[in-house]
Amino acid sequence: MTVVSRPGTLPERVALFTTCLADFAAPGPLAATIAVLEAIGVEVVVPRDQTCCGQPALNSGFPAQAGRVLAQTLDSLDGAEAVVTLAGSCAAMIVHHSTRLLGAEAASRSGVRNLWEFTQFVAAFGEDLDLELDATVTYHDGCHMTRLLGERTAPRTVLSRIRGLRLVEMPDSDTCCGFGGTFSAKFPELSVAMADVKLDNAATARAEYVVSADPGCLMQLQTRADAAGRSIRTRHIAEIVRDAMRTPA
Amino acid sequence: MSTGTTAKGEEPRSTAMRGVARVTRGHPVWSGSDLDPGQRPALRPMTAEAVAREGVGHTRQRLEVLGRERASGNWLPWESELRDRGAAIRRETLRDLDGYLSRLAAQLESRGVIVHRVSSAAQAREAVGRIATDHGVTLVAKSKSMATEEIGLTAHLTTLGIDVVETDLGEYIAQVAGERPSHIVGPALHMSRQDVTDLFSQLNGDPLPPDPDVLASYARERLRADFKAAQMGICGVNFAAADTGTLVVVSNEGNVDMVASQPDLLVAVMPVEKVIPRLADIGTLVPLLCTAANKEFTTAYQTLLSGARRPGEIDGPAEFHCVIFDNGRTALLGTPEEEILACIRCGNCQFSCPVFRTLGGGHAYGTTYGGPVGAVLSPLLGEATRDRDLPFLCSLCGACADACPVKIPLDDLLVAGRATYEAEQPRGVESFGWTLWSRFWSTPALYRATRSAARIAGRLIPAGVLGRLPVVRLWASGRTVPDVSHAGDRPRGRSGSSGGSPEGEDR
Ligand code: SF4
């Protein structure tokens, strides 16, 4: 696995890797991410020429096509002191697969070496945020963030800093929600059945929000809950943090 | 076919299988032991049917409990140490697989074992069939072995007019039901206590109580007679020590000892990767296997088979054969896929897999081996022309790799298997589509154009209509269509009010 560098001091400016999924279908979490990063005191730029990390093609069996798209996104992130993304899965894709797809040199690209998943960045630099929110939430650990990136603690660290917020853990919080990218369309019945298991587990927490750091999981869970007529509401962790900021950006 | 009844349908020679004609338990074709491996249904309809089956939720919950007990990925310190050692031993084996196999064969022969090294699954089952017919065998007592499932041994022996009875309780239950094992170490895990009660009651002709002890002794009683009557025993192999020629089989019921000691003729069947360098390695590998498979330090029985009965010895098989088959495996050496040959068949990746659990076990993979190990291994076996699409039956959550006691990177192999599959397909809509996609999304202006197109579509086309478009329709079965009408929206930031840096997009 590629080693990601971790500067100890707050960078002046961060480049936001929007991810195609959030760029297309999750403008709320994207706006919240920007607001939180700015409240931490960094300038946020959104590199114009970024597109996607290539994961949809890689997981569909088309690595060459995936590599071509990933290369474009890494090009657009070159030179950034820090890159932050709001999707744990895309961060994991870049960290885990860049060198396999693009060769060993990829490890030294800014988009790989200086990459932070949102909660990692907030856990490291957002200690001074004044956060308060009266809400009960349960947290879904996205698969790739948990297992490929090895990140389980940062989101909980961030949530624990919010006064008044109660985190109720659901059973099997790190079991897959059934999204799996193109898997969700190749095996819709199975994918939906897996979402139902997750939603049942989440419901036992009796939380107002099912929170996650992955727009993909959230899209899967919310659209399934809506179609099944369940009242479960999902929220990206950046939105929770933004809502908890005392002086909203 | 392979339920152990004779081909002609008269009362079976096996006592344990008497009454099997009364069994009416229904099951889908794809879980049957007589499923023609080349003729399984397509994956999507099979999985759709599996998740809709009655009782699948209960099976899933049982598997979840087992998965939680094993807490994949949270290896205790002493378990981690064992895992490191076990993983290293398996890789050491693979580095000189052929050398260890030659040593094993020589050692076995020096202990009076007749070794048959064969290539294909067909050659393997024919070798066993010949041994049986040469000795006029009519009844075989068999202990649990996934390798014999892989080569279709029971069906083959049945066509030769030989009755086969499974003597492991779970495997026996599956055999009576006419189903394939649904899990590597728990063949009947897909059945509840009530299912087994119903099944055995039908077999018995009279109702039996839903008491596991009563049901187990019912099976044990019936199997006793078969151990005595069988002229040949067949067992699998967990580990085969190259330095001593010892075949190690672990079990919890003692049936392996019976199979290996009662009939005069014994055949052990193993694929090539079961070999290990040294007998001493079982000190690592047996506890590792048992920890991963069963959360136990060891099984109740470890059967160490050290050759045929020698003059002066009072028990053991008078004639002992070992069939070692390849079925596509050695062709994997030197490729990234050789990793799967490190597998010790613990089944932990299956417990850890949410796809496997949600499907209610491994039947809906339509192959001998289900779950992550099966999705990787099955496409590589035999002539490697079947089951090539199995790596897609996975959401790539990665839990299996963390659960694997010998650290096989199953998730990476599943990604690789998909690329292999697609590379073999004739160029069609899909590869054209992804190539077009990659051209568009590696060109920023065209990426933004697709984003604008989505935005316009999201605004102008009602969700109900969008949901009927080709790919969207698959998403929209059971889910609402995501709102893309704000694709590309950016909030006005504070610190970005200067218009952003040169590389920044104006927000
Ligand atoms: S792949 Fe690993 S976890 Fe799965 S059965 Fe083999 S050894 Fe066990």
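Among the protein heavy atoms, those of B:His190 account for about 20 Å² of accessible surface (1.4 Å probe, every chain in place). Under a GNM of chain A (C-alpha, springs under 10 Å), which listed residue has the highest mean-square fluctuation: A:Gly41, A:Gly88, A:Gly150? Residue with maximal mean-square fluctuation among A:Gly41, A:Gly88, A:Gly150: A:Gly150.
Against the 2.2 N^0.38 Å scaling, with N counting residues, where does the protein assembly as shown land? I'd like the Cα-based Rg ratio to two decimal places. Kindly include the intermediate steps, with their values, before the conclusion.
Values: Rg = 28.3 Å, N = 756, 2.2 N^0.38 = 27.3 Å.
Against the empirical 2.2 N^0.38 Å value, I get 1.04 for the protein assembly as shown.
At a Cβ-Cβ separation cutoff of 4.7 angstrom, cysteine residues of chain B with no neighbouring cysteine are B:Cys235, B:Cys290, B:Cys322, B:Cys343, B:Cys346, B:Cys353, B:Cys394, B:Cys404.
Accessible area per residue (1.4 Å probe, heavy atoms of protein chains only) ranks B:Leu460, B:Leu396, B:Leu279 as B:Leu460, B:Leu279, B:Leu396, with the largest value leading.
Using the Cβ-Cβ distance between A:Ala228 and B:Arg224 with R0 = 41 Å, the FRET efficiency computed as 1/(1 + (r/R0)^6) comes to roughly 0.20. Let me check I've understood the local charge: for B:Pro181, count other residues with C-beta under 12 angstrom from its C-beta, Lys and Arg +1, Asp and Glu -1. What total comes out? Spelling it out: positives minus negatives among the neighbours equals -3.
Per-residue mean of foreign Cβ neighbours for A:66-72 is 5 (Cβ atoms of other chains, 10 Å radius).
Please list, or write none, the lysines whose alpha carbon is within less than 22 Å of the alpha carbon of B:Lys228, excluding same-chain residues fewer than 8 places away. Partners within reach: B:Lys142, B:Lys144.
For the residues of A:174-180, the average number of beta carbons from a partner chain within 10 Å of their own beta carbon is 6. Rounded to two decimals, the Cα radius of gyration of segment A:13-122 over 2.2 N^0.38 Å is 0.99. The three principal axes of the C-alpha atoms in chain B carry coordinate ranges of 96, 53, 45 Å, sorted with the longest axis first. For the protein assembly as shown, the solvent-accessible area works out to 37 Å² per residue, with a probe of 1.4 Å and every protein chain left in place.
With 10 Å² as the minimum drop in accessible area between chain alone and full protein complex (1.4 Å probe), the qualifying residues in segment B:45-71 are B:Thr47, B:Ala48, B:Val51, B:Arg60, B:Glu64, B:Arg68. With K and R counted +1 and D and E -1, the other residues having a Cβ less than 14 Å from that of B:Leu436 yield a net charge of +2.
Based on Cα contacts under 8 Å between residues 6+ apart, chain B shows a relative contact order of 19 percent. For segment A:6-37, heavy-atom accessible area (probe 1.4 Å) falls by no less than 50 Å² from the chain alone to the full protein assembly at A:Asp23, A:Phe24, A:Pro27. Taking every protein chain into account, the 1.4 Å probe leaves B:Ile173 with about 10 Å² of accessible area, to the nearest ten. Here the simple spin-label model places points 7 Å from the Cα toward Cβ, and for B:Thr159 and A:Glu81 these points are separated by 7.3 nm.
Going by accessible surface with a 1.4 Å probe and the largest first, A:Lys198, B:Lys295 read B:Lys295, A:Lys198.
For segment A:129-244, what's the relative contact order in percent, using C-alpha pairs closer than 8 Å and at least 6 residues apart? Each step should come with its number before you reach the end.
Numbers: 178 pairs, mean separation 37.1, N = 116.
Here the relative contact order equals 32 percent.
Interface residues of segment A:219-249, defined as those losing at least 50 Å² of solvent-accessible heavy-atom surface relative to the isolated chain (probe radius 1.4 Å), are listed as A:Thr223. For a straight C-alpha distance cut-off of 15 angstrom, the aspartates and glutamates reachable from B:Lys295 (same-chain residues fewer than eight places away being disregarded) are B:Glu64, B:Glu69, B:Glu79.
Over chain A, calculate the relative contact order: mean separation of alpha carbon pairs under 8 Å at least 6 apart, over the residue count, as a percent.
On the way: 467 pairs, mean separation 53.9, N = 249.
Over chain A, the number comes to 22 percent.
Relative to a virtual label point 7 Å from the Cα of B:Ala122 in the Cα→beta-carbon direction, which members of segment B:315-330 show backbone nitrogen distances below 16 Å? Zone members listed by number: B:326-328. Residues B:Thr443, B:Thr197 ordered from highest to lowest accessible area at a 1.4 Å probe: B:Thr443, B:Thr197.
Once both labels are positioned 7 Å from their Cα atoms along Cα-to-Cβ, the gap between B:Thr420 and B:Thr24 label points is 4.5 nm. Just the protein heavy atoms count here, and of the accessible area of the protein assembly as shown at 1.4 Å, carbon and sulfur take up 53 percent. Among beta bridges from DSSP that stay inside chain B, the antiparallel ones total about 25%.
Quick one: buried accessible area between B and A, total over both chains, 1.4 angstrom probe, nearest 100 Å²? For B against A, buried area totals roughly 6000 Å². Residue by residue along B:354-361, Cβ atoms of other protein chains within 10 Å of the local Cβ number 5 on average.
Kirkwood analysis of chain A, using all unique Cα-Cα pairs, places the hydrodynamic radius at 18.1 Å.
The values are calculated or read from the model by the stated rules, or taken from the named source; none is laboratory data. The shown structure was predicted, so the numbers you read here are calculated from the model rather than taken from an experiment. In this analysis, Cβ positions are derived from the backbone assuming ideal geometry, glycine residues included, and neighbour counts consider all displayed protein chains. The area values use the complete protein model at the heavy-atom level, side chains included, leaving out ligands, DNA and RNA. Shrake-Rupley method; radii C 1.70, N 1.55, O 1.52, S 1.80 Å.
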